[in-house]
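Each reported figure results from applying straightforward, stated rules to the coordinates on display, with no laboratory input. From a predicted model like this one, the values you see are computed outputs, not experimental measurements. Note: ideal-geometry Cβ built from the backbone for every residue, glycine included; neighbour counts use all protein chains shown.
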Amino acid sequence: MIAPCTGQTASTPYYERHVAKRWLPSWVSEYADRHGKARYRFRRKGFKQYLFKCAPGTEGFRQEYKACMDGLAAPAIEPGAGRVVAGTFDDLILRYYRSADFLDPSDRTRAIYRGVLERWRKKYGSANVRDLKTRHVEEMMAERLPHRTSANMLRKRLRALMDFAKRQELAGENPVLGTKPYKVDTTGFHTWTESEISQFETRHPIGKKARLALDLMLWTGQRGGDARVMGPQHVRDNRLHVTQQKTGAIVSLPILPALAQSIIAARPSDLVFLLSEHGKPYSVKGFGNKFRQWCDEAGLPRCSAHGLRKAAARRFAEAGCSNQQIKAWTGHTTDSEVSRYTAAADQPLMADKAGAMLMAYLREQLAIHERNTLEKEA
């Protein structure tokens, strides 16, 4: 054991006494409270300020800092982190945050998951994992009503958490499996219609930042979070090469004429096509808010950035593209995901196309039959 320095007790960790106080991560500063005791706070523009409860260099501090960077209103660690009672949900959730189950998804997805769990943990964190029953989960879901989507999200996260608990031998079964999600009568984000696209284009003509934002999503089928960081460095051989932030999927897309015209008219000169009024790339939330403003200016309260991704998928479906071809553009991995995005395809148009394809096939088969007949007779 390393001997303590003068003025320190033997129980004070060496790292905290000699290293941590001399190094603090970005956006963390030290100050003295009214008693002269060293305190630490997180302050970053666009993020909530937070006063740390754990000392630098500890696992608790690392978890608190990670929560701050994830943009949570309430970081994950409570006073006494590291001294949680074994077998409780406090214990389980801290283990879960260090598992591949939680760490593999994207930063944005982790922030959403953590937010759901932390709001729930404030009330139930001290409860024993093995005491959770199916009826308890149903009662917890009912507490979220009338917000059915929120209740279903909680169910999903508890189901994943209890699957992890089984592997950690903190639970013998997953009681969430006995519950049913609430039926939600919604198709998700509204899919833009062609008339709505035209209305936006009229309000925001070629050359405007708002129009470029629309075209980057509509003509690539990508999410707003990916469109906001697209730039000249992603263009090679007249194609856009995009690594999707949410899934890590890589897509290489031809730059269609309408998008090329919009990019050229906007005359971008930076590493990203879209810059905020401050000359910096938009944050995910900032871009969503700005595009919401542009939609409102065009008189389109139902429309959103994500609805353009669905509109792009709808257009591909109406053009007769297969699910595999649509997935090559959108980066989806399953046909069920594509089906949700193309549900708004024009049914009469699709029926007409299917009928035309059927008749073309029958004409081809008839021609083959007649040709074979003539060959036999000859």
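Placing +1 on each Lys and Arg Cβ and -1 on each Asp and Glu Cβ, with no other charges, gives segment 231-378 a dipole about its Cα centre of roughly 600 debye.
Kirkwood radius for segment 185-298, taken over all pairs of different Cα atoms as the inverse mean of 1/r, rounds to 14.7 Å. Binning the C-alpha pair distances of segment 277-378 at 10 Å intervals from 0 yields a P(r) profile of 13, 26, 25, 17, 10, 5, 4, 1 %, listed from the shortest bin outward. Restricting segment 107-163 to trypsin sites (Lys or Arg not before Pro) that sit in a DSSP loop and have at most 13 other Cβ atoms within 10 Å of their own Cβ leaves 133. Taking amide hydrogens as placed 1.01 Å from N in the peptide plane, the amide H of residue 97 sits under 5 Å from that of no residue at least 5 positions away in sequence or on another chain. With contacts taken as Cα pairs under 8 Å and at least 6 residues apart, segment 194-349 reaches a relative contact order of 28 percent. Residue-normalised convex hull volume from the C-alpha trace of the chain: 257 Å³ per residue. DSSP assigns beta bridges within the chain; of those with both partners inside it, close to 100 percent run antiparallel. Sequence-ordered 3J(HN,Hα) estimates for segment 313-321 from the Karplus curve with 6.51, -1.76 and 1.60 and θ = phi - 60° stand at 5, 4, 4, 4, 5, 5, 7, x, 6 Hz, glycine and proline given as x. Within segment 216-282, the trypsin sites (Lys or Arg not before Pro) that combine a DSSP coil assignment with at most 15 other C-beta atoms in a 10 angstrom radius are 246. Each residue of segment 84-92 was assigned a 3J(HN,Hα) from its phi angle through the Karplus curve 6.51 cos²θ - 1.76 cosθ + 1.60 (θ = phi - 60°); the sequence is 5, 7, 4, x, 8, 5, 4, 5, 4 Hz, with glycine and proline shown as x. When the chain is described by a simple charge dipole with +1 on each Lys and Arg Cβ and -1 on each Asp and Glu Cβ, the residue from 24, 225, 332 located farthest towards its positive end is 24. Note that segment 107-124 has calculated 3J(HN,Hα) couplings of 4, 5, 5, 4, 4, 5, 4, 5, x, 5, 5, 5, 4, 6, 5, 4, 9, 10 Hz, one per residue in order, obtained from phi through the Karplus relation 6.51 cos²θ - 1.76 cosθ + 1.60 (θ = phi - 60°); glycine and proline are x.
Helix 347-377 and the longest principal axis of the Cα set of the chain meet at an angle near 50°. Remark on residue 240: its backbone amide H falls under 5 Å from those of 253, 255, a criterion applied only to residues 5 or more positions apart or on other chains, H modelled at 1.01 Å from N.
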